[in-house]
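Written below as structure tokens is the structure these notes are about.
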Amino acid sequence: MALTKGEYSQKINDFLKKENPIILKNDPTSKTQNKLKTTLHDIHGILSYKDKLRIVNMNPSPPKLYGLIKIHKDNAPIRPVVSYTNSPLSKLAYKLNHIYKDIALFCPQYTIKNSVELTQKLKDFTVPNNSFLVSLDVTNMFPNIPNNDCLNIVEHNLTSKNINPVIKDEILTLFSLCIQENYFLYDSTFYKQRDGLAMG
């Protein structure tokens, strides 16, 4: 399905109107970058000096909103995605994801990475005759996840694993910093989500 530039822009603008994000007067990228550097200065347990150097993007750019067209749905709505490539906290989020999984031994039982992995898992699975295949569609999943609840779950998981309190506090500090990066740029205007985790 092909869309004109005008049709695509209209779908993005319809999404922005519906979600009503806060319009920012200025680009918060430099402020976020400075906050990252200040926070990293006080982290000594889970990140080495070299880690800190690698985590800081020298020339960060703001996260950018774009839309993927859902061609299988009526009126082809967009799936909003924010690209965090080269944003101030993108490298930190990537590193923190690995640290958290290793320390908390986080291995979700029901997570499927993609359709290829799903095919592999179902290959030797016998489906009972009275079974139904159910597919659920979540609307705006990430913006509907409360930041504080998410942080509390991470803290609970770390506490249950008896993680060193200093390490736990550092992870929570960095995690909290990452989930605050829910601003984005579209068509020369900066926006901030009102609720939830960042889209992307």
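The values are calculated or read from the model by the stated rules, or taken from the named source; none is laboratory data. These figures come from a predicted structure and were not determined experimentally. We place every Cβ from the backbone using ideal geometry, glycine too, and count neighbours over all the protein chains shown. Keep in mind that these areas ignore ligands, DNA and RNA; they rest on the heavy atoms of the full protein, side chains included. Shrake-Rupley method; radii C 1.70, N 1.55, O 1.52, S 1.80 Å.
Quick one: in the stretch 104-136, which of the residues that are among the charged types (D, E, K, R) and open to solvent by 100 Å² or more (accessible area, probe 1.4 Å) is farthest from Ala198 (Cα to Cα)?
First, pick out the residues of the stretch 104-136 that are among the charged types (D, E, K, R): 113, 117, 121, 123-124.
Remaining after also requiring open to solvent by 100 Å² or more (accessible area, probe 1.4 Å): 113, 121, 123-124.
Values: Lys113: 19, Lys121: 30, Lys123: 34, Asp124: 37 Å.
Among those residues, the one meeting the criterion is Asp124.
Residues checked against (1) closer than 23 Å to Ile163 by Cα; (2) among the acidic types (Asp, Glu):
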residue: Lys37; (1), (2): no, no
residue: Ile46; (1), (2): yes, no
residue: Asp51; (1), (2): yes, yes
residue: Val56; (1), (2): no, no
residue: Pro60; (1), (2): no, no
residue: Lys64; (1), (2): no, no
- Quick check: is even one residue across the stretch 91-98 open to solvent by less than 40 Å² (accessible area, probe 1.4 Å) and within 30 Å of Gly67 (Cα to Cα)? yes
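Among the residues of the stretch 1-21 satisfying the criterion of being surrounded by 11 or more Cβ atoms within 10 Å (Cβ to Cβ) and among the aliphatic types (A, V, I, L, M), which is modelled with the lowest pLDDT? Step through it out loud before you land on a result.
Looking only at the stretch 1-21, we keep the residues that are surrounded by 11 or more Cβ atoms within 10 Å (Cβ to Cβ), and these are 3, 7-16, 19, 21.
Of the ones still in play, those that are also among the aliphatic types (A, V, I, L, M) are 3, 12, 16.
Values: Leu3: 78, Ile12: 92, Leu16: 92.
Within the stretch 1-21, the match that is modelled with the lowest pLDDT is Leu3.
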- For the stretch 38-77 the number of residues that are among the aliphatic types (A, V, I, L, M), surrounded by 18 or more Cβ atoms within 10 Å (Cβ to Cβ) and under 20 Å from Met141 (Cβ atoms) is 1
- Note on the structure: Those residues of the stretch 150-184 that are closer than 26 Å to Thr38 by Cβ, assigned to a helix (DSSP H, G or I) and either acidic (Asp, Glu) or in contact (Cβ under 8 Å) with a residue 24 or more places away in the chain (or both) come to a total of 17
- May I ask you to list pairs of residues, at least six apart or on different chains, whose Cβ atoms are under 8 Å apart, with the first in the stretch 93-104 being closer than 13 Å to Leu47 by Cβ and the second being at pLDDT 90 or above and open to solvent by 50 Å² or more (accessible area, probe 1.4 Å)? Lys95/Arg54
- Task: Take the residues in the stretch 22-37 that are surrounded by 17 or more Cβ atoms within 10 Å (Cβ to Cβ) and β-branched (Val, Ile, Thr), then tell me which one is nearest to Asn75 (Cα to Cα).
- Result: Thr29
